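The values are calculated or read from the model by the stated rules, or taken from the named source; none is laboratory data. Please read all numbers here as calculations on a predicted model, not as lab measurements. Positions of Cβ are generated from backbone atoms using ideal geometry, with glycine treated the same way; all protein chains shown enter the neighbour counts. When the accessible area is computed, the model is the full protein with side chains, heavy atoms only, and any ligands, DNA or RNA have been set aside. Shrake-Rupley method; radii C 1.70, N 1.55, O 1.52, S 1.80 Å.
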Amino acid sequence: MNDMKAEKILELKDVTYVYDGERFPVWEHLSCCFFKGKIHAVSGPSGCGKSSVLSLIDGLIPHMYEGKLKGKVFLREEDITDMLPRYRCEKIGLVMQNPESQFCTFTVEEELAFGMENMGFSEEEIGRRIKEVLSFVGLSGYEERELDKLSGGQKQKIAIASILVMKPEILLLDEPTANLDPESRAQIFRLIVRIARKENITVVIVEHNISEIIDEVDWVIELDREGRKITDCRKEEAAGLLQREKQSKAVRILEKEKHPEREVVLDIEHLSFAYPVSGRKKEKGRQILDDFHMRVHKQDFLAIVGENGVGKSTLMKLIFKVCKPDSGTIRLFGKDLSTYHTKRLYHLIGLVFQNPENQFIRNTVWDEMMFSLKRTGGSQEEKEDRVQQMLKQFRLEGEKEKSPFVLSQGQKRRLSVASMLLTNQEILFLDEPTYGQDFENRQELMKDMQKLVEDGITIVMITHDLSLVRQYATHVIEIEKGKAVVSLPTEEYFKD
Amino acid sequence: MFAYMEQDSYLHRRNPMIKLAVIAVWTVVVCMSYFPVLPVLTFLLSFAAIWAAGKIPMGNLLRRLLIFLVVSALFMFSMLVLRGLNNEPGIVFRLWIFRWTERDLVHAVSLGFRILALVTMSMGFVLTTRPRDLVLSLIMQCRVSVVHGYATMATYRFLPELQQQVESIHLAQEIRGIPWNKGILSRFTSPFRVLLPLLCVAARRGERVACAMESRGLGRENPRTFYKKTAVDRTDWIFFIISVIGYGILVAVLIKFDLYRFSFAAIQ
């Protein structure tokens, strides 16, 4: 089966792994090979153990994430199963999904030097390699920059560079573009291709936006829901996966009747806002929103897109009265926003946060839902019926006695949405709703949102995930430099 | 508030351990003073040193200290109110139902300025010490293990993010109908409501950073090198000696003029 003519560099032989506290293995009797200088894509549905494959290769399984491992991992015929991750880093490097998670220092130079210092490199060698790798990732001269002040794309480049600088033979990437805007995503993909083709480094990538890199992938490993391998072959032979990727490339606009007469639920005109300079309340800093216009109709599924830092999250803060606009008007259901009491406002509009855990307060899913109805009218029985109905709608009936914090990522997200809709909110705002969610959970969530739109709710979603925008949104607004530069129906937005 | 501020100054160039040692000596001495002159002078000296030798603009420093000035003032005020209700002999000042002895006044002002002096010194340390230098200094000068040193740095790195998380949790809970910090009950219960989501975030973050550091070779048995190093040079020692001896002379002068007491008992 593994008939690629390249040199075999890594092999997983008959591996089975059960996480501590779990009854079922993440995968059973899994065997596969990886080849020198090739790009391998690992795909599969939610929870099939894709990221666990990377953790196994890097040694985090079983040395950091405890559990029971059977089978062997071979690097160039050498059994490295018992080797700790800290001793594998000369040959194997792992880039995590969120670069913030792996940074442990403050500046670019410190972060890049960290691995080499641990390996005992001389100061001269460290300095030389830092210059080399920064030039490779296109960030020459960034040595003294603080990590916190870099953009999302730059952070991901530094995360990759901090591994590349140790010159590993194998680079493992866990959804490296999941939280990036389209331009940064394209840059990272180009970088990954260059790493494999020019540096002859073996790349193993878990990535759901694989459509952008599919032409460059050499080998595809696909796992099914139970973690069984269903595809392990050259890209050309992986017909099923390619078909699905092509489908995601295609524009699939939600078939929806056009109702030009639909009620305007949110109307923003000439909105301008700048944050005050830190420590000087009267002095304003950079203009975040500048003469911004936006109109949302009832039952719109609106997507707000744009690069990091263009003002998308600030817009949410203004709509939720967390900040006050410097000028301009926001009208909600025809009334000026300033006339709404916040309690009434939050009963009309809901906000689902990037991190669903932030909004959890109670110890069980049931209490969490009941909490949202605590200050509303109606009898206890009516409230319980409402919660029961929402739990059913969001497929959480079986989890009502569990703590919200122990639910799966998909369940947590559904709970956060459900609790924001309990008082019949008419507009639901979603701030990067697919952040940290795997492909299947994203699709599932979007389908739930689509149903809500059909039921009369208006959805406004801030996202970077253009593939989801294509699939589900009805209208797209693109923000650039604080202005809505494009406002088009999805079909027209993706025409070019 | 407590964050490093990039400057090229005399204090910025000093070794973190030496600065900590000076602060430790001054702290011990000022805590033994039961008369307000030394705490007041220590506060003024620290403030002046951070401004002049640390090149931290005075307005900026005052803004950072404002909350602590208010806290100290409130502390002194509440102490005076409580102490003013006693009925001890030797009353030197009366106002309405309150009566104070000299000891009451000295006690309140000494403790208030002691807090202020300690906060100012700590703030000066944080403002003029790069976190990396502190960790390197802990590892190289104090022989703290590399693993613990970098764990400290990772924690330090997480602190600003923690603040953002707290703000995000506030907003999320407010939208769910729990007014934040409105009313006495809410002020008491709000920290507990933040705690669980925050702990979840911190635990997950800690685990990921530990994995990231392990998979980049932290804890290997081979000798570790350091791209940037911290050392204690002659200027650091001179700074230490002058600071300690100078402070010692100040204390001696105060003792000579009976302005430094080791106990409130001596004050009537």
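Counting only residues that are open to solvent by 30 Å² or more (accessible area, probe 1.4 Å), more than 9 Å from chain B (Cβ to nearest Cβ) and either more than 15 Å from B:ALA172 (Cβ to Cβ) or of a type in the set (A, V, I, L, M) (or both), how many does region A:346-369 have? Step through it out loud before you land on a result.
To start, the set of residues in region A:346-369 that are open to solvent by 30 Å² or more (accessible area, probe 1.4 Å) comprises A:347, A:354-355, A:362-363, A:366-367.
From what's left, more than 9 Å from chain B (Cβ to nearest Cβ): A:362, A:366-367.
Filter again for either more than 15 Å from B:ALA172 (Cβ to Cβ) or of a type in the set (A, V, I, L, M) (or both), leaving A:366-367.
Of the residues in that region, 2 qualify.
Pairing residues of region A:423-436 that are over 24 Å from A:ARG344 (Cα atoms) with residues that are part of a loop (DSSP other than H, G, I, E, B) and of a type in the set (D, E, K, R), at Cβ distances under 8 Å and at least 6 apart in sequence or on separate chains, gives A:THR434/A:ASP465. Give the residue that is farthest from the chain's Cα centre (by Cα), with candidates limited to residues of region B:71-98 that are touching a residue at least 40 places away in the same chain (Cβ under 8 Å) and surrounded by 14 or more Cβ atoms within 10 Å (Cβ to Cβ). Out of the qualifying residues, it is B:PHE75. Listed conditions (1) within 30 Å of A:THR107 (Cβ to Cβ); (2) not in a helix (DSSP H, G or I) are all met by B:LEU61, apart from (2). Considering region A:103-124, the residues that are aliphatic (A, V, I, L, M) and within 7 Å of another protein chain (Cβ to nearest Cβ) include one that is least open to solvent (accessible area, probe 1.4 Å), namely A:ALA113.
Taking the criterion of being part of a helix (DSSP H, G or I), more than 13 Å from chain B (Cβ to nearest Cβ) and within 26 Å of the chain's Cα centre (by Cα), the residues of region A:391-424 that qualify are A:LEU391, A:GLN393, A:GLU399, A:GLY410, A:GLN411, A:ARG413, A:ARG414.
Note on region A:1-52: among residues that are on the phi > 0 side of the Ramachandran plot and at pLDDT 85 or above, the one that is most open to solvent (accessible area, probe 1.4 Å) is A:HIS29.
Quickly run through region A:447-496 and pick out the residues that are hydroxyl-bearing (Ser, Thr, Tyr) and either open to solvent by 30 Å² or more (accessible area, probe 1.4 Å) or more than 18 Å from the chain's Cα centre (by Cα) (or both). Listed by number, the residues that qualify are A:THR458, A:SER467, A:THR474, A:SER487, A:THR490, A:TYR493. Condition first: within 14 Å of chain A (Cβ to nearest Cβ), open to solvent by 30 Å² or more (accessible area, probe 1.4 Å) and assigned to a helix (DSSP H, G or I). Now tell me which residues in region B:99-133 satisfy that. Those that are within 14 Å of chain A (Cβ to nearest Cβ), open to solvent by 30 Å² or more (accessible area, probe 1.4 Å) and assigned to a helix (DSSP H, G or I): B:ARG132, B:ASP133. Of all residues in region A:282-318, which are within 18 Å of A:LEU351 (Cα to Cα) and within 23 Å of the chain's Cα centre (by Cα)? Passing the criteria: A:PHE301, A:LEU302, A:ALA303, A:ILE304, A:VAL305, A:GLY311, A:LYS312, A:SER313, A:THR314, A:LEU315, A:MET316, A:LYS317.
Of the numbered criteria (1) open to solvent by less than 50 Å² (accessible area, probe 1.4 Å); (2) within 8 Å of chain B (Cβ to nearest Cβ), the one A:LYS343 fails is (1).
For every residue, the table says whether it meets (1) open to solvent by 10 Å² or more (accessible area, probe 1.4 Å); (2) within 23 Å of A:LYS312 (Cα to Cα); (3) among the β-branched types (Val, Ile, Thr); (4) at pLDDT 90 or above.
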| position | (1), (2), (3), (4) |
| --- | --- |
| A:GLU399 | yes, no, no, no |
| A:LYS402 | yes, no, no, no |
| A:SER408 | yes, no, no, no |
| A:VAL417 | no, yes, yes, no |
| A:LEU422 | no, no, no, no |
| A:ILE427 | no, yes, yes, yes |
| A:LEU430 | no, yes, no, no |
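For region A:56-83: of the residues being under 12 Å from A:TRP27 (Cβ atoms) and outside any strand (DSSP E or B), which is modelled with the highest pLDDT? So, considering only residues that are under 12 Å from A:TRP27 (Cβ atoms) and outside any strand (DSSP E or B), the one modelled with the highest pLDDT is A:LEU56.
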